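I have placed the structure first, in the form of C-alpha cells, so that the comments after it can refer back to it.
Any read-out appearing in this document is the output of simple, stated calculations on the displayed coordinates, not a laboratory observation. On a predicted model such as this, the values are computed, not experimentally measured, just so you know. Backbone-built Cβ (ideal geometry, glycine too); neighbour counts: all protein chains shown.
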Amino acid sequence: MTPSFDDLLARARSLPRDGRRAVLGIVGSPGAGKTTLAEHLVRELNGAGDPWVAQVPMDGFHLADVQLDRLGRRDRKGAPDTFDAAGYAALLRRLHEAGGDTVYAPGFERVLEQPIAGALAVEPTARLVVTEGNYLLLDTGAWARVRPQLDEVWFCELDEPERLRRLIARHERFGKSHDEAVAWVMRSDQRNAKLVAATRDRADLVVPGTALPAAQEPPTARAGT
C-alpha cells in the first residue's frame, strides 16, 4: 500500500518513545525530494506550537573545497569519500546522548557550495530529529556507523525523468549553464545515484513521489540533495 503524506506524519510522530529522542533518516538519489519531504515533515509536525522536531541535513558534512583540493577529489564533489562520514555518525550518536545540552551541527550553503560550522542548533526540547542525505544506508567504511544511529530510514523514490529534470534545474538555479548542469548530472550525480539506488532494499519504508504534497520543487535556500 502506497503511504500518503498523512501516513508519513503519523509514522514520524510515533517514533519518539519512552521519553527518548528519535532520529529519522531520509535517503534517496540526488534530486529525489529528500529535503522537500524532510522540510514538510518538520513544518507540519511542529505546527503552530512549540517546536519539538529539528532538521539536520547530512550535507553539512561535505568536506570543504580546500580539503577536496588537498585530497585531489574536487572534481568528484558529492561522492561518498568527499564527506566526513565519521563526523556525521558521531553527531547522530551525540543527538541520542545529548541529554539537556544543545547540539550544534554544520549546515551547507548551496550558493557558496561550502559547509558552515555550527549553523544549526538542536535544542534539548527536540524529541525527533529528521536527517536527510544520499548515503545513510551505505555499509562501507565509516558510513556503516550511520545506520545504527537511525531509528528508521525512509527511501525517497521519484520517477527518473522527473528526478533528472529537477536536478538539472537546481544546478542551473545555482549558477551553472544548462550544458554545464547536464554534464555535471550525467558525469557525477548519476554515478552517485546508482550507488544510492543499490541501498534501497535496506530502508524501512519506500516513499514514492506521490506521497509528497503536490507541485513541490526542491528548495533553493538550503542544501537539499
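General remarks:
- With N the number of residues in the stretch 5-209, Rg(Cα) / (2.2 N^0.38 Å) evaluates to 1.00.
- The 3J(HN,Hα) values that the Karplus relation (6.51, -1.76, 1.60; θ = phi - 60°) gives for the stretch 26-43 are, in residue order, 10, 10, x, 5, x, x, 7, x, 4, 5, 4, 5, 4, 5, 5, 4, 4, 5 Hz. Gly and Pro appear as x.
- Taking each DSSP H run with n ≥ 4 as -39500 (n - 2.57) and averaging over every residue of the chain yields -9500 deg cm²/dmol at 222 nm.
- Using a simple spin-label model with pseudo-atoms 7 Å out from Cα toward Cβ, Ala64 and Met1 lie 5.0 nm apart.
- In a simple Cβ point-charge model (Lys, Arg +1; Asp, Glu -1; nothing else charged), the chain has a dipole of about 360 debye relative to its Cα centre.
- When you restrict to C-alpha pairs under 8 Å that are six or more residues apart and normalise by the size of the chain, the relative contact order lands at 35 percent.
- Comparing the stretch 48-110 with the 2.2 N^0.38 Å rule of thumb, its C-alpha radius of gyration ratio is 1.36 (two decimals).
- For the pair Phe174 and Tyr104, the difference between a 0.36 nm per residue extended length and the Cα-Cα distance amounts to 22.6 nm.
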